[in-house]
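Here's the structure we're looking at; comments come further down.
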Amino acid sequence: MKPHEQHRARGKARLRLGVITVSTSRYRGRADGGRARDESGDLICGAARRSGNTVAYRAIVPDDVTDIRLKLLAAFKEGVDAVILTGGTGVSPTDVTVESVVPLLDKELPGFGELFRAESRAEVGTAAMMSRALLGVARGSVVACLPGSPDGAALGMKLLLPELPHISSIARGGQERSPGAGVLPEVQGGAAAADAPP
């Protein structure tokens, strides 16, 4: 058995995931008592569950660096194996998901973004270069930043799910994650984000 096959075999069959949707409009819709549709978040949760995983944490946050970091750190505290963020990976001034996440990463896996853009090119042509899809590791958890579009989220999950147990196993160093495992550094400011039902 090759080394990467051995890692896959040691990976957990069922992972605990966190899903965070980054969207000011959806956050405001929920904060105002509405039920703003979260199509990409629902798609990610559905794909994760169909693969036998559990969605242990879910939230919606506005496009704000502090709010994004607070919810990401809260997901770590729940001991999830991976956190998947959707939205805010483009090039507009309000797209700050990548800027929020990168300083918290211990390692980046640039191959994911490269593969995502290569696959995207078949659908959107050279516009694929505008995607900043990202994968990394922080505090023993895998962290993925996917586009906010349903098509982008679906492609990201298609690429990520087969390798997620493998990546998670290596990132944990063979250790199990548990609630409270993440150490929360202080993050100042930020609004309380609207949690979405799991």
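Read-outs: derived from the displayed coordinates by stated rules, not from any lab. Because the structure is a prediction, the values reported are computed rather than measured. When we count neighbours, we look across all protein chains shown, and the Cβ atoms used for this are built from the backbone with ideal geometry, even at glycine.
Can you give me the long-range amide H partners of Glu163? Hydrogens built in the peptide plane at 1.01 Å from N, cutoff under 5 Å, separation of 5 or more residues or another chain.
Result for Glu163 returns nothing.
Please list, in order along region 110-122, the HN-Hα scalar couplings obtained from phi with the Karplus expression 6.51 cos²θ - 1.76 cosθ + 1.60 (θ = phi - 60°), rounded to whole Hz, x for Gly and Pro.
Listing the rounded values in order: x, x, 5, x, 5, 5, 4, 5, 5, 5, 5, 4, 5 Hz.
Taking the Cα centre of each part, how many Å lie between region 139-159 and region 36-74?
Region 139-159 and region 36-74 have Cα centres spaced 10 Å from each other.
Using θ = phi - 60° and the Karplus curve 6.51 cos²θ - 1.76 cosθ + 1.60, what whole-Hz ³J(HN,Hα) does each residue of region 156-173 get, with Gly and Pro shown as x?
Karplus values, whole Hz, x for Gly and Pro: x, 5, 4, 7, 7, 4, x, 9, 4, x, 4, 5, 4, 4, 5, 5, 6, x.
Subtracting the Cα-Cα distance from 0.36 nm times the residue separation, let me have the gained length for Glu123 to Thr66 in nm, one decimal.
Result: 17.2 nm gained on full extension.
Step through the residues of region 37-51 one at a time and calculate ³J(HN,Hα) from phi using the Karplus curve (6.51 cos²θ - 1.76 cosθ + 1.60, θ = phi - 60°), rounding each to whole Hz and writing x for Gly and Pro.
5, 10, 4, 5, x, 5, 4, 4, 4, x, 5, 5, 5, 5, 8
If you take every DSSP beta bridge fully contained in region 65-175, what fraction is antiparallel? Give it as a percent rounded to 5.
Working: 7 of 12 bridges.
Once the DSSP bridges in region 65-175 are tallied, antiparallel ones form about 60 percent.
Under the rule of at least 5 residues apart or a separate chain, name every residue whose amide H is placed under 5 Å from the amide H of Gly88.
Answer set, sorted by chain and number: Gly148.
If amide hydrogens are placed 1.01 Å from N in the peptide plane, which non-local residues have theirs closer than 5 Å to the one on Val83?
Residues meeting the criterion, in which the H sits 1.01 Å from N, are Gly18, Val142, Val143, Ala144.
Could you list Lys71, Lys12, Lys158 in order of exposure, starting from the residue whose Cβ has the fewest other Cβ atoms within 10 Å?
Lys158, Lys12, Lys71
Over region 15-172, what relative contact order in percent results from Cα pairs under 8 Å that are six or more residues apart?
Working: 285 pairs, mean separation 41.8, N = 158.
About 26 percent, as a whole number.
What's the percent breakdown of Cα-Cα distances in region 15-172 across 5 Å bins, shortest bin first?
Each 5 Å bin holds this share of Cα pairs: 2, 10, 21, 24, 23, 14, 6, 1, 0.
Taking only C-alpha pairs under 8 Å that are 6+ residues apart, what is the relative contact order of region 8-94 in percent?
About 45 percent, as a whole number.
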